[in-house]
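Here is the structure we will look at.
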Amino acid sequence: MLGKTAASLFWMSRYLERVENSARFIEAGFRIALTRSASASDEWSSVLKSSGVLQAYRRKHDDFDSVNVIDFLLRDRDNSGSVMALMKKARDSARTARTALTREVWEATNESWITLKAAMAKPVKEQDLPDTLGLIRQQSALVRGATLGTMLRNDGFNFLRLGGFLERADSTARILDVKYYLLLPSVALIGSSVDNVQWETILRSVSAHRSFRWLNGPDISAQAVADYLILHRQMPRSLTFCYAKISDNLNYLDQNYETKSRSGELADEICNDILSRPIEAIFEYGLHEYISDFIRANNQLAAQIETDFNFQDRAG
């Protein structure tokens, strides 16, 4: 497969995953701001920082009014990381790689762009935000379903999956880090009812609240939630789950191209080092420091994949 086509598939999937993850960031900020209205501006600042657009927002706005933040994250033309900008990038990438996609995947992607563009033609009101975020997640699920249901399990499929799982792992790590490192206003609140509400909000933001309850019952402690989102092998948004899939996809590509890539070696190193530690060791080391190490390693792997598979003509 040509490097340009592989890159387009990889970034198409990253952008689509980022669209859905942006909706999850906004939902987490919105829920927590509702429960802690006195510090709502701090919550929105954290969401902007997690999304990597805080400085861009500050160049345009002086405060963190929820209306401005929501519009900036969803549809502002000055924000290259807005949901609409990302959806357009995903559609453009899909068009570039059109011959490597099934008709169903292309149509689902194109329809998602058309649907979201219509839904966000005007600023989204706060009372309409939950429905809009639900629509974003629904459109993402339609593209994912078309991909899983119709794509041949060839190298193109594996590049799509690589992009999606790398982006998903990054998002889960950032949500976890923002919750623990930025959203706790005081050490005194750790383990309190306020703290528990925040952790529950984070679980809901990654669609993990019910499954977490199935496995852990009423235990909603920081350590239990972190263990679930980092190390649980069956939770589809955990770091460990994502990297099991990333390793599988890289192994397939190595076998298909009859080589052993540096990307595969890096993925194995992340699995055997960072993701092999028990949760007690992670907390002893420091959750923020651990997550920072993971995000850095995840970014290094993404860059290595671009190098190994000749993504020269494409940049994310």
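The values are calculated or read from the model by the stated rules, or taken from the named source; none is laboratory data. Quick caveat, the model's predicted, so the values are computed rather than measured. Cβ placement follows ideal geometry from the backbone for every residue including glycine, while neighbour counts extend to all protein chains displayed. With ligands, DNA and RNA removed, areas are computed over all heavy atoms of the protein, side chains included. Shrake-Rupley method; radii C 1.70, N 1.55, O 1.52, S 1.80 Å.
Miscellaneous remarks
- Tally, over the range 139-153, of residues that are open to solvent by 50 Å² or more (accessible area, probe 1.4 Å) and more than 13 Å from Thr115 (Cα to Cα): 6
- Of residues in the range 107-138 being open to solvent by 20 Å² or more (accessible area, probe 1.4 Å) and outside any helix (DSSP H, G or I), the one nearest to Thr150 (Cα to Cα): Ala121
- Residue selected from the range 77-95 under the condition over 18 Å from the mean Cα position of the chain (by Cα) and at pLDDT below 95, by the criterion least open to solvent (accessible area, probe 1.4 Å): Asp78
- For the range 81-95, residues that are more than 17 Å from Arg24 (Cα to Cα) and without any contact (Cβ under 8 Å) to a residue 24 or more places away in the chain total 3.
- Filter result for Leu287 (closer than 28 Å to Thr5 by Cα and touching an Asp or Glu at 6+ places or on another chain (Cβ under 8 Å)): no
- Filtered residues of the range 220-230 (kept if open to solvent by less than 70 Å² (accessible area, probe 1.4 Å), at pLDDT below 85 and either within 17 Å of the chain's Cα centre (by Cα) or of a type outside the set (A, V, I, L, M) (or both)): Ser221
- Of all the listed residues (Arg233, Arg213), the sole one being over 20 Å from the mean Cα position of the chain (by Cα), modelled with pLDDT of 85 or more and surrounded by fewer than 16 Cβ atoms within 10 Å (Cβ to Cβ) is Arg213.
- Where a residue in the range 239-255 is under 19 Å from Asp293 (Cβ atoms) and its partner, wherever it lies, is outside any helix (DSSP H, G or I) and of a type in the set (S, T, N, Q), with Cβ under 8 Å and at least six apart: Phe241/Gln234
- Residues of the range 293-313 that turn out to be part of a helix (DSSP H, G or I), of a type in the set (A, V, I, L, M, F, W, C) and either touching a strand residue (DSSP E or B) at 6+ places or on another chain (Cβ under 8 Å) or in contact (Cβ under 8 Å) with a residue 60 or more places away in the chain (or both), as a count: 5
- Ala94 part of a helix (DSSP H, G or I), assigned by the TED database to the domain that holds Leu48, under 12 Å from Met12 (Cβ atoms) and not aromatic (Phe, Trp, Tyr): yes
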